[in-house]
Structures are given as C-alpha cells and as structure tokens.
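These notes are about the structure you will find just below.
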Amino acid sequence: IMRECRDVIHETILIGTMVENEGVVMEQVLGSHPFKFSLDLGMRMPVHCAAPCKAIVAFLPEGEKKQVLKSLKYTRYNENTITTATGFKAELKTVVEDGYALDRAEQLHGAHCIAAPVFDQYGYPIAAIWTTGPSDRLKAESFEELGKVIKQHADMISHRLGYDALNATPI
C-alpha cells in the first residue's frame, strides 16, 4: 500500500507510531524523484510539529490525549512551529475535521509533511502514514488533494488490520 501511495504522490512515504510521547519512524518507501527525503528508521519526532504525531494524537481517546498534551514542551524550531497548548489543540481539531494532519515546515525549513492515522480493529490510532518532501513540490495549495490521497491509503491499511470489520455488513 505504501508503494502504491508513493506511485501516486512520487514522494517518500513513511509509516510510524508513538512511543513514550514521541513519534518513531518504522519504515519508508523512497520517493521516485532524483532528490528524495530519507529518514533513519527509529528516528524520533516531536509531537507538536510532526504530522504523523498530530494524526495519531488527534484521534486518541480523550484521557490519553490529555496526558500527551500535558507532557509536551512546545520547543520552537522556527517561526512556523506551534508553541502553545491552545494552538496545538486547535490544530488537532482541524486534523479530526480533515482526516489528515500537516507539518508546514514547522521543524525543518523547506520540508512539508502530510499524514493520516492508521486504526486497528477497535478504532484506536496505532500508527500513521505520511509523505514528506520539499515545499516546492509538496505545495500548500496541494495539501487538500494530497491529504485525501494519504488518507485513502491509510484507510486501506486500517481496513487490512480489521478496522470497521465489526460494523461491516456480511456479503
């Protein structure tokens, strides 16, 4: 599914999860451009400015979400970084509404990310898939279109894990 997503978007596609209130890169499929982003597997990401972390945290049960929010330090990396709990909560609300999360060069100038959550059979956000690339290729005006593509592929993974199977009508 990640390769299929890469073949549509042409940028690197990654999957990761949350461990101890940080995002962790688990696997990647490199983009098809000559210049492509590559992250080290096992690399940790700050929750408040990483699209995959936002995608996961936005869909956590309220109690867990509050615990994560309470633990954040909101380190500023540049002028795009979300640095307040109020700003981050507003961002999470948008993630739930849109179904995907964005990193608008919030940690690294010139790099945009678009992520969507992956759910287990109980509807728990266990991971996220995302694309990352240079901001001149992953442009702000294409976020909505690319967000839908990432969400569609995340949903495919979720369904393979049994998400929504309990509500499915037998064929």
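The values are calculated or read from the model by the stated rules, or taken from the named source; none is laboratory data. Nothing here was measured: the structure is a model prediction, and the numbers come from that model. Note that we place each Cβ from the backbone using ideal geometry, even for glycine, and neighbour counts take in every protein chain shown. In case anyone asks, the SASA skips ligands and DNA or RNA and just uses the protein heavy atoms, side chains included. Shrake-Rupley method; radii C 1.70, N 1.55, O 1.52, S 1.80 Å.
Restricted to the stretch 19-36, and to residues that are open to solvent by 40 Å² or more (accessible area, probe 1.4 Å) and more than 15 Å from the chain's Cα centre (by Cα), which residue is nearest to Arg3 (Cα to Cα)?
Taking the stretch 19-36 and keeping what is open to solvent by 40 Å² or more (accessible area, probe 1.4 Å), we get 19-22, 26-27, 30, 32-36.
Still in the list and also more than 15 Å from the chain's Cα centre (by Cα): 20, 30, 32-36.
Working: Glu20: 28, Leu30: 9, Ser32: 10, His33: 14, Pro34: 17, Phe35: 17, Lys36: 15 Å.
Of everything passing the filter in the stretch 19-36, Leu30 is nearest to Arg3 (Cα to Cα).
Pairs needed: first member in the stretch 1-25, under 15 Å from Lys54 (Cβ atoms); second member anywhere, among the polar types (S, T, N, Q); C-beta distance under 7 Å; at least 6 residues apart or different chains.
From the stretch 1-25, the pairs are Leu14/Gln28; Leu14/Thr132; Asn21/Ser71; Val24/Thr17.
Within the stretch 1-27, take every residue that is out of contact with any helix residue (DSSP H, G or I) (no Cβ under 8 Å at 6 or more places or on another chain) and not in a helix (DSSP H, G or I) and give me the one that is farthest from His112 (Cα to Cα). Reasoning before the result, please.
Taking the stretch 1-27 as the starting set, the residues that turn out to be out of contact with any helix residue (DSSP H, G or I) (no Cβ under 8 Å at 6 or more places or on another chain) are 3, 6-7, 10-11, 19-20, 24-26.
Those still in the list that are not in a helix (DSSP H, G or I) too: 10-11, 19-20, 24-26.
Working: His10: 14, Glu11: 11, Val19: 22, Glu20: 24, Val24: 17, Val25: 16, Met26: 19 Å.
It comes out as Glu20.
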